[in-house]
């Protein structure tokens, strides 16, 4: 397994990544074409801070062309309880300033800060690999949005999802609103978010939010089986298909079928070149 232990010209960059991961409470382990990213603060149910999002962004920047699947997990009992609430109450935690500092920010400063936070989520939809969230226990607020940022979600039978931001008087702002509507539709997304209620595993499965529900003792076998399936076929065909599907939501029908023709032309060319 590779644990960011390469040497040579990349050492300064890798040292920076390692430092970011340590500060953010995140681990990254690569085994062949699969990278497993783990939120590793089980003592507080993997509650997130800006340093967590910076660590996730650093992981995204470190993903090489050899990676085909990224698996995102949470250590311990929960995937993530969301934002570390101490930051919302004005407390500073290590290098993480309280979120309440943004109360006095200008709109430009606020926009810049939140755009930086979002970088920890954006990379999970990169067309060059497929991202999988394995959700056990709670996935709340930012934790729910992190799971939504992934392409595919597996949940344990005790999983509970909730978009809690409106209960705090704020909104989801870590890319979750678009992904939630795409996953479950506008009406359901609105009801879930406006009520901030908890969504159990079976409801998540029935709504299409997750693709599988398994018991906790079957999570690892389920992930292994899914990863085997995702890496079984030619990488170029899989990534081209992902790109088409990502664009299908925003393209009209005529644009989409033209995109299919173009993508297939390049696939035929790649096959002919072998």
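The values are calculated or read from the model by the stated rules, or taken from the named source; none is laboratory data. Not measured: the values here are computed from a predicted model. Note that we place each Cβ from the backbone using ideal geometry, even for glycine, and neighbour counts take in every protein chain shown.
For the range 205-223, enumerate the residues that are outside any loop (DSSP other than H, G, I, E, B), more than 13 Å from residue 137 (Cβ to Cβ) and either in contact (Cβ under 8 Å) with a residue 40 or more places away in the chain or not assigned by TED's automatic domain parsing to the domain that holds residue 188 (or both). Quick ask: steps written out before the conclusion?
Here is the first cut: in the range 205-223, the ones outside any loop (DSSP other than H, G, I, E, B) are 205-207, 212-214, 216-223.
Now narrow it down to the ones that are more than 13 Å from residue 137 (Cβ to Cβ): 205-207, 212-214, 217-218, 220-223.
Once the filter is applied, which keeps residues that are outside any loop (DSSP other than H, G, I, E, B), more than 13 Å from residue 137 (Cβ to Cβ) and either in contact (Cβ under 8 Å) with a residue 40 or more places away in the chain or not assigned by TED's automatic domain parsing to the domain that holds residue 188 (or both), the range 205-223 yields 205, 212, 213, 214, 222, 223.
Is the range 213-223 home to any residue that is under 17 Å from the mean Cα position of the chain (by Cα) and modelled with pLDDT of 95 or more? Talk me through it step by step, then tell me what you get.
As a first pass, look at the range 213-223 and keep what is under 17 Å from the mean Cα position of the chain (by Cα): 223.
Retained after the next criterion (residues that are modelled with pLDDT of 95 or more): 223.
Yes, the conditions are met somewhere in the range 213-223.
May I ask you to list the residues in the range 114-172 that are within 20 Å of residue 51 (Cα to Cα), over 11 Å from the mean Cα position of the chain (by Cα) and in a helix (DSSP H, G or I)?
Answer for the range 114-172, where residues must be within 20 Å of residue 51 (Cα to Cα), over 11 Å from the mean Cα position of the chain (by Cα) and in a helix (DSSP H, G or I): 114, 115, 116, 117, 165.
For the range 61-75, does any single residue satisfy the condition of being farther than 23 Å from residue 229 by Cα and out of contact with any strand residue (DSSP E or B) (no Cβ under 9 Å at 6 or more places or on another chain)? Before the answer, list the steps.
Step one: list which residues in the range 61-75 are farther than 23 Å from residue 229 by Cα, which gives 61-62, 75.
So of that shortlist, the ones also out of contact with any strand residue (DSSP E or B) (no Cβ under 9 Å at 6 or more places or on another chain) come out as 61.
For the range 61-75, residues farther than 23 Å from residue 229 by Cα and out of contact with any strand residue (DSSP E or B) (no Cβ under 9 Å at 6 or more places or on another chain): present.
Just one of the numbered conditions (1) within 23 Å of residue 27 (Cα to Cα); (2) outside any helix (DSSP H, G or I) is not true of residue 59; which one?
Of the numbered conditions (1) within 23 Å of residue 27 (Cα to Cα); (2) outside any helix (DSSP H, G or I), the odd one out for residue 59 is (2).
A quick yes/no check of all residues on (1) modelled with pLDDT of 95 or more; (2) outside the structural domain of residue 18 (by TED's automatic domain parsing); (3) closer than 22 Å to residue 19 by Cβ; (4) surrounded by fewer than 16 Cβ atoms within 10 Å (Cβ to Cβ):
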{"site": "67", "(1), (2), (3), (4)": "yes, no, yes, no"}
{"site": "71", "(1), (2), (3), (4)": "yes, no, no, no"}
{"site": "75", "(1), (2), (3), (4)": "yes, no, yes, no"}
{"site": "79", "(1), (2), (3), (4)": "yes, no, no, no"}
{"site": "90", "(1), (2), (3), (4)": "no, no, no, yes"}
{"site": "95", "(1), (2), (3), (4)": "no, no, yes, yes"}
{"site": "99", "(1), (2), (3), (4)": "no, no, no, no"}
{"site": "102", "(1), (2), (3), (4)": "no, no, no, yes"}
{"site": "108", "(1), (2), (3), (4)": "yes, no, no, yes"}
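For residue 55, state whether it is out of contact with any strand residue (DSSP E or B) (no Cβ under 6 Å at 6 or more places or on another chain), surrounded by 21 or more Cβ atoms within 10 Å (Cβ to Cβ) and modelled with pLDDT of 95 or more.
Numbers: out of contact with any strand residue (DSSP E or B) (no Cβ under 6 Å at 6 or more places or on another chain): no; surrounded by 21 or more Cβ atoms within 10 Å (Cβ to Cβ): yes; modelled with pLDDT of 95 or more: yes.
Taking the combined requirement at face value, the residue does not satisfy it.
From the list 168, 190, 244, which residue is without any contact (Cβ under 8 Å) to a residue 24 or more places away in the chain and exposed (fewer than 15 other Cβ atoms within 10 Å of the Cβ)? Full working, then the answer.
Working: 168 fails: without any contact (Cβ under 8 Å) to a residue 24 or more places away in the chain; 244 fails: exposed (fewer than 15 other Cβ atoms within 10 Å of the Cβ).
Just a single option satisfies the conditions, and that option is 190.
Test residue 175 against the criterion of being at positive phi, under 16 Å from the mean Cα position of the chain (by Cα) and in the same structural domain as residue 39 (by TED's automatic domain parsing), and give yes or no.
On the way: at positive phi: yes; under 16 Å from the mean Cα position of the chain (by Cα): yes; in the same structural domain as residue 39 (by TED's automatic domain parsing): yes.
It is true that residue 175 is at positive phi, under 16 Å from the mean Cα position of the chain (by Cα) and in the same structural domain as residue 39 (by TED's automatic domain parsing).
For the range 229-240, give me each residue that is out of contact with any helix residue (DSSP H, G or I) (no Cβ under 8 Å at 6 or more places or on another chain), surrounded by 14 or more Cβ atoms within 10 Å (Cβ to Cβ) and either free of Cβ contacts under 8 Å to residues at least 12 places away in the same chain or more than 13 Å from residue 267 (Cα to Cα) (or both).
Restricting attention to the range 229-240, the residues satisfying the condition of being out of contact with any helix residue (DSSP H, G or I) (no Cβ under 8 Å at 6 or more places or on another chain) are 229, 231-235, 239.
From what is left, the residues that are surrounded by 14 or more Cβ atoms within 10 Å (Cβ to Cβ) are 231, 235, 239.
Scanning the range 229-240 gives a single hit, 231.
From the residues in the range 19-29 that are touching a helix residue (DSSP H, G or I) at 6+ places or on another chain (Cβ under 9 Å) and surrounded by fewer than 19 Cβ atoms within 10 Å (Cβ to Cβ), which one is modelled with the lowest pLDDT? Before you say what the answer is, go through the steps one by one.
Pass one, the range 19-29, residues touching a helix residue (DSSP H, G or I) at 6+ places or on another chain (Cβ under 9 Å): 19-28.
Now drop any that are not surrounded by fewer than 19 Cβ atoms within 10 Å (Cβ to Cβ), which leaves 19, 22-23, 27.
Values: 19: 89, 22: 93, 23: 93, 27: 97.
Here the answer is 19.
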